[in-house]
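Colleague: First the structure, which I've put down as structure tokens, then a few questions once you've had a look.
The values are calculated or read from the model by the stated rules, or taken from the named source; none is laboratory data. Worth saying up front: this structure is predicted, and the values here are computed from it rather than measured. Heads up, the Cβs are rebuilt from the backbone with ideal geometry, glycines too, and the neighbour counts pull from every protein chain shown. Protein only, heavy atoms only, side chains kept; ligands, DNA and RNA dropped before computing areas. Shrake-Rupley method; radii C 1.70, N 1.55, O 1.52, S 1.80 Å.
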Amino acid sequence: MLGEYAWGAGALAYLYRQLGIASRAEAKGVSGCLTLLQCWIYDHFPTLRPTRLEPRELERGQAGAFRWRGTSPRSSKRRDAQMLAYYRQAIDSLTPQSVSWTPYGRSPHLTVRRTLYQGLLRFAEIAEYYDPTRCLRQLGYVQGVPYPPERPLVVRRPASTLGYSLSYHSVYDSYWNNLGAHSVHLDVFFYSDTT
């Protein structure tokens, strides 16, 4: 058993895999926990998010999605085309200054230690490597050029969505339960006071 955070790691691993599949030339859609992706977008791109509810403390275990006011009008081809044009324009207009680089505060790893976990996120046969050094700016640190990603043993990423697979060495399966040995040690990075 991976512990109390296993469901979150599983959802994230599955979403990462589905985003990889969706990036294939023949993909027609995406699946996975899209609410998680949507909340991540809302947190990082203020111009793309709906109205935020009044600031309030979320109860332990309550999903962060409860911070956003849901406004989902009935879909129509005309409205969908208008929304697509709006979001394309908003994305095209993004600048580094319009991105919230530290939406979870200056040091989220102090309250959620697994933020610094470095290793496999697993869901059933799906395993995706997670490396927080690839997103140090979100943790309030200066983002340098990250190390190359961990290489899987087997990689199949055809243009088609069929047959997409990655597999890693089984040694990574033990990392989750040994958090101290498999976490990024931030003392070797520079803290940013400009974010």
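Colleague: Take R156 and L94, extend 7 Å from each Cα along the Cα→Cβ direction, and tell me the distance between the two endpoints in nm.
Modeller: So the two model labels end up 3.2 nm from each other.
Colleague: Using DSSP to define loop residues, name the GluC sites (Glu not before Pro) in region 103-182 whose beta-carbon has at most 12 other beta-carbon atoms within 10 Å.
Modeller: Here the sparse-neighbourhood loop sites are E125.
Colleague: What figure, in Å² to the nearest 10, do you get for the accessible area of I91 with a 1.4 Å probe and non-protein molecules left out?
Modeller: We get 90 Å² for I91.
Colleague: Between rounded, prolate and oblate, where does region 107-150 land on the alpha carbon gyration tensor, with a ≥ b ≥ c its root eigenvalues, rounded for a/c under 1.5, else prolate if a/b exceeds b/c?
Modeller: Because a/c hits 1.5 or more and a/b fails to exceed b/c, region 107-150 counts as oblate.
Colleague: Counting heavy atoms of the protein chains only and a 1.4 Å probe, report the per residue accessible area for region 74-143 as a whole number of Å².
Modeller: 65
Colleague: Peptides 82-90, 13-21: what's the order by average Cβ count within 10 Å, highest mean first?
Modeller: 13-21, 82-90
Colleague: Round to the nearest 10 and report in Å² the accessible area of H44, as given by a 1.4 Å probe over the protein chains' heavy atoms.
Modeller: H44 exposes around 10 Å² with every protein chain in place.
Colleague: How much length is gained if the chain between V112 and H185 is pulled fully straight, taking 0.36 nm per residue apart and subtracting their Cα-Cα distance, in nm to one decimal?
Modeller: Extra length available between V112 and H185 comes to 24.8 nm.
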